[in-house]
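I'd like to ask some things about the structure below.
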Amino acid sequence: LLMAYDPARRLARLQVQMERAVVNARMIYEILDIEPHQRDKPDAKPLAVTQATIEFRDVSFSYANGGKSILNGVSFIAEGGRTTALVGPSGAGKSTVISLIPRFYDPASGQILIDGQDIANVTKQSLRNNLAYVSQQPYLFEGTIRDNIRYGRPEASDAEVEEAARLAYAHDFILDQPQGYETPVGENGVTLSGGQRQRLSIARALVRNAPILLLDEATSALDTESEQAVQKALEHAMSGRTVVVIAHRLSTVVNADKIIVMQSGTVAEEGTHDILAGRIDGLYARLHNLQAPGVPMQENEKEAGE
Ligand code: ATP
């Protein structure tokens, strides 16, 4: 227990938290970025998406060369047009799995395929054009509400921006702002509630109209009304897309087409809620039984050593 108060360890943990915040911001910037920073392979081809099925094939990964291994032989398939929920204790590797899909990092071994194409062999631009990302902490840029939504696809028309806002249940509150869609947000703009910010970031993902949605579900609860609006907005964003979601809400997990239960960088179990909940000694059943509806899954079980 005393170890937890060791300043060096605290500093190390703070460092990881900071790096993760940076990765989160990078996810948002770079998925939207049209000019990816890392170079493509000389013979890289554009990704050709048909079903938008994602496959992890025996993927292992560590953040630093020769560093602690974070993923160990992770294999699973996220079927095209379906929702795959990643669950598991804090530190199990869920965020790491998500961050490999846009290629913020490359696996040490194994492959990630989209419709049979190894993403290591496709251009990053074509890969990221097919992805949208909604994070736990919605990020708003300096600029107007319209700019913030359009950032998802700079060539979107005003009508497309507004259609995305409607689908994200944001249109009405946007019209209530002093200058409607032209109202400045960000540091020097109006202050929006957490739920409103989330709906704007969902509108940004919707206007992108990408076949794959990566979603890091919020852990902190909003008030009931915002919560419902955000849930409906997310339903629109998820509909018809391949969704890989780090799920914190029981309802998301129960409704997922497939659940991947992660533990210590491996896939401990996979299946539907009914199947996994029925395995008396399974990790999922343990996580699930501990949980009352609406309570974030993660608070229940922490990885040993956390
Ligand atoms: P949580 O639910 O708490 O977000 P998670 O299941 O998403 O956890 P990851 O965030 O993928 O887990 O973290 C897996 C492991 O990788 C943890 O031990 C974490 O400390 C470590 N880690 C995460 N990001 C980095 C990073 N940028 N550099 C070094 N280590 C990292």
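What does the charge count near Asn188 come to, summing +1 for each Lys or Arg and -1 for each Asp or Glu among other residues with Cβ under 15 Å from its Cβ?
Counting the neighbours of Asn188, the net charge comes to -4.
Mean separation of Cα pairs under 8 Å and 6+ residues apart, divided by the residue count of the stretch 35-126: what relative contact order is that in percent?
42 percent
Could you work out how much longer the chain between Tyr63 and Ser109 gets when fully extended? Use 0.36 nm per residue separation minus the Cα distance between them, nm to one decimal. If you can, show how the numbers build up before the last one.
Working: separation 46, 0.36 × 46 = 16.56 nm, distance 1.28 nm.
Full extension from Tyr63 to Ser109 adds 15.3 nm.
Here is a further query. Does the stretch 186-240 come out rounded, prolate or oblate, given a ≥ b ≥ c as the square roots of the eigenvalues of its C-alpha gyration tensor, rounded meaning a/c under 1.5 and, failing that, prolate meaning a/b above b/c?
oblate
Could you tell me which of rounded, prolate or oblate describes the stretch 137-248, using a ≥ b ≥ c as the square roots of the eigenvalues of the alpha-carbon gyration tensor, with rounded for a/c under 1.5 and, failing that, prolate when a/b is larger than b/c and oblate otherwise?
Since a/c reaches 1.5 but b/c is at least a/b, the shape of the stretch 137-248 is classed as oblate.
Quick one: net charge of Phe56's neighbours, Cβ under 12 Å, K/R +1, D/E -1?
-3
Another question about this same structure. Looking at Thr219, Met238, Val185, which one has the Cα that reaches farthest to the positive end of the dipole of the stretch 134-255 (charges on Cβ: Lys, Arg +1; Asp, Glu -1)?
Among Thr219, Met238, Val185, the one farthest towards the positive end of the dipole of the stretch 134-255 is Met238.
Just to verify a number: FRET efficiency for Gln231 and Glu142, C-beta to C-beta distance, R0 = 25 Å, to 0.05?
Details: r = 29 Å, r/R0 = 1.14.
So the FRET efficiency works out to roughly 0.30.
Next question, about the same structure. Karplus couplings for the stretch 262-277 from phi (6.51 cos²θ - 1.76 cosθ + 1.60, θ = phi - 60°), rounded to Hz, Gly and Pro as x?
3J(HN,Hα) across the stretch 262-277, in whole Hz: 9, 8, 6, x, 10, 8, 7, 7, 8, x, 8, 4, 4, 5, 5, 5.
Where a ≥ b ≥ c are the square roots of the eigenvalues of the C-alpha gyration tensor, would you call the stretch 214-267 rounded, which needs a/c under 1.5, or, failing that, prolate if a/b is larger than b/c, or oblate?
oblate
Once you keep just the Cα pairs under 8 angstrom separated by 6 or more residues, what percentage relative contact order results for the stretch 104-180?
Reported as a whole number, the value is 14 percent.
Please work out the C-alpha center-to-center distance from the stretch 216-277 to the stretch 120-147 and express it in whole Å.
20 Å
All of the numbers you see were taken from the coordinates with simple rules; none came from a lab. Remember, it's a predicted structure, so these values are computed and weren't measured experimentally. Ideal geometry is used to build each Cβ from the backbone, glycine not excepted, and the neighbour counts take in all protein chains shown.
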